[in-house]
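The values are calculated or read from the model by the stated rules, or taken from the named source; none is laboratory data. Note that this is a predicted model, so its numbers are computed, not measured. When we count neighbours, we look across all protein chains shown, and the Cβ atoms used for this are built from the backbone with ideal geometry, even at glycine. SASA here: full protein model, heavy atoms, side chains in, ligands and nucleic acids out. Shrake-Rupley method; radii C 1.70, N 1.55, O 1.52, S 1.80 Å.
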Amino acid sequence: MIKKLVLVFIALFAIQSYAQETTASPYSFYGIGTLKFKGSVENVSMGGLSIYKDSIHINFRNPATYGGSNITTYNNESRPVKFTVGGSHTSTELKTDSSTDRVTSTTFDYLALSVPLGKLGFGFGLLPYTSVGYRLESRNDAGDIDTRFRGEGGLNKAFLSVGYQITEGLSAGVDANYNFGNIQNSTIQYTYNSDGDPLQTKSRETNRSDLSGLSFNIGLHYKAMITDKLELQSAVTYAPSSDLSSANERSFSTITINNSTGEEFELDTIEADLAANGLDDTSLTLPSRLSFGGGIGAPRKWFAGIEYTTQNTSKFSNVLYQNTATTFEDASTLSLGGFFIPKYNSFTSYWSRVVYRGGLRFENTGLQIENQSIKEFGISFGVGLPAGTNREPFSNANFGFEIGKRGTTNANLIQENFVKFKISLSLNDRWFEKRKFN
């Protein structure tokens, strides 16, 4: 286990060393940012499908999967503890009607531990949930910069999950999430003299919101053999709406900008009195979410399924930031995917024990700009590579690859064409076993 922990810390260090920008999406300008977490690497590699339960991977999306038959047995020994860490790298082409640009981001995705105790199981971990990261500018009729926008931050989740096996095939569970983070943004207004030359001083508005609050997610999972060789798995999750508290600050500054480096220098600053309008402490509503799906497969051989998720984002509200060109509608996602293992217990061929995954994802993000619904599509592939020894064969490294697009070039909007590469380590071991000596 010491060797595995060293491997984990190396992976974490590598992810964090390059994770300077968590996103580079202009659509993170709206709401509380773009949704960062869409499941584990295994989920994403199957189009976001999260209805499958096995004994060697953690399923973040459904807490019911923590309960029951999660104890892996090999050579009459149990491997109860599961640990996973994941990260990703994204390359995005930003496309408009007249130009294109390319940006990249590398991020830490999740860290979690799961321990089953008979019919009861629990897990806990940390994951970035939404992400804000943009640099945008608008130009006047002369082609000069009119306004420059910049934002960063996002929402994180620290979670505790508990699952329980009610009957042989039915499990239930609940996630308790503590949401925290901050969102910072600034708007710089450029002004010009009568000759069209830019003035040296510019005005800047800076906002910061510190977010915190609890949310919950409830899940059910059912599986049963429907023939001698085929197994049915189905799942449903529901997250009720919840409120986050938002402590807000706003300031107005007169600044100058170094044209060579872009560095900003403040000449004077005035702190806004948000308390006078009741905007210093506000409430932000996270909308409810419902997902359900099912699939069939042969245990340890193949699986194919479908899952539908709907989120009541039309009820999203944040009184601090209003944009007349932007509205929210109910979001939805349709995921189709599965996996195939040629021969999970092959002694002669390593590649026969590899898990091959694939899937499709169709998503309406719930964001509507200039009467255009912002939609997203992704096609994904992945592999799960066995990384354990013959005595401990259940640890694995998972690699995922997704290509897709978000948004549209209609109504002068931006279309994002992205390529995502994801990696995770899933480690299984008995961390608390007593050593025996003969």
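Scan region 292-312 residue by residue and report those that are over 13 Å from A224 (Cα atoms) and not in a strand (DSSP E or B). Spell out the reasoning first.
At the first step, the residues of region 292-312 found to be over 13 Å from A224 (Cα atoms) are 292-293, 300-312.
Of everything in region 292-312, those that are over 13 Å from A224 (Cα atoms) and not in a strand (DSSP E or B) turn out to be R300, K301, N312.
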Problem set entry | Any chance F418 is of a type in the set (A, V, I, L, M, F, W, C), at negative phi and open to solvent by 30 Å² or more (accessible area, probe 1.4 Å) | no
Problem set entry | Condition met for D330 (closer than 26 Å to Y27 by Cα and open to solvent by 60 Å² or more (accessible area, probe 1.4 Å)) | yes
For this session: Assess whether S246 counts as being touching a residue at least 40 places away in the same chain (Cβ under 8 Å), open to solvent by 40 Å² or more (accessible area, probe 1.4 Å) and under 27 Å from the mean Cα position of the chain (by Cα).
Result: no
Exercise. Within region 313-325, restricting attention to residues that are open to solvent by 20 Å² or more (accessible area, probe 1.4 Å) and not in a loop (DSSP other than H, G, I, E, B), which residue is modelled with the highest pLDDT?
Worked result: S314
Problem set entry | Selection count, region 120-153, where residues are under 24 Å from the mean Cα position of the chain (by Cα) and under 29 Å from L220 (Cα atoms) | 11
For this session: Determine if region 373-387 includes at least one residue that is surrounded by fewer than 15 Cβ atoms within 10 Å (Cβ to Cβ), modelled with pLDDT of 85 or more and within 21 Å of L111 (Cβ to Cβ).
Result: yes
Problem set entry | Residue in region 108-144 that is modelled with the lowest pLDDT, counting only those that are hydrophobic (A, V, I, L, M, F, W, C), open to solvent by 30 Å² or more (accessible area, probe 1.4 Å) and closer than 25 Å to R204 by Cβ | A142
Exercise. Looking at this structure, is L267 aliphatic (A, V, I, L, M), within 26 Å of F60 (Cα to Cα) and over 31 Å from the mean Cα position of the chain (by Cα)?
Worked result: no
Seminar exercise, completed: Residues of region 1-54 being modelled with pLDDT under 85, assigned to a helix (DSSP H, G or I) and among the charged types (D, E, K, R), in sequence order, are K3, K4
Exercise. Going by the structure shown, is T96 at pLDDT below 90, under 28 Å from I183 (Cα atoms) and over 20 Å from the mean Cα position of the chain (by Cα)?
Worked result: yes
Problem set entry | Pick from region 349-362, criterion free of Cβ contacts under 8 Å to residues at least 60 places away in the same chain and of a type outside the set (A, V, I, L, M, F, W, C), ranking: farthest from S40 (Cα to Cα) | S349
Problem set entry | Qualifying positions in region 145-190 - surrounded by fewer than 21 Cβ atoms within 10 Å (Cβ to Cβ), of a type in the set (V, I, T), modelled with pLDDT of 90 or more and out of contact with any helix residue (DSSP H, G or I) (no Cβ under 8 Å at 6 or more places or on another chain) | I166, T167, T187, I188
Problem set entry | Pairs with Cβ under 6 Å, 6+ apart, first in region 395-414 and in a strand (DSSP E or B), second among the hydroxyl-bearing types (S, T, Y) and open to solvent by less than 60 Å² (accessible area, probe 1.4 Å) | N396/S426; N398/S424; G400/S45; E402/S380
Problem set entry | Members of region 193-217 found to be open to solvent by less than 50 Å² (accessible area, probe 1.4 Å) and not in a strand (DSSP E or B), listed by number | G196
For this session: Return yes when F339 is open to solvent by 40 Å² or more (accessible area, probe 1.4 Å) and under 18 Å from S45 (Cα atoms) and no when it is not.
Result: no
Exercise. All but one of (1) open to solvent by 60 Å² or more (accessible area, probe 1.4 Å); (2) assigned to a loop (DSSP other than H, G, I, E, B) hold for L279; which doesn't?
Worked result: (1)
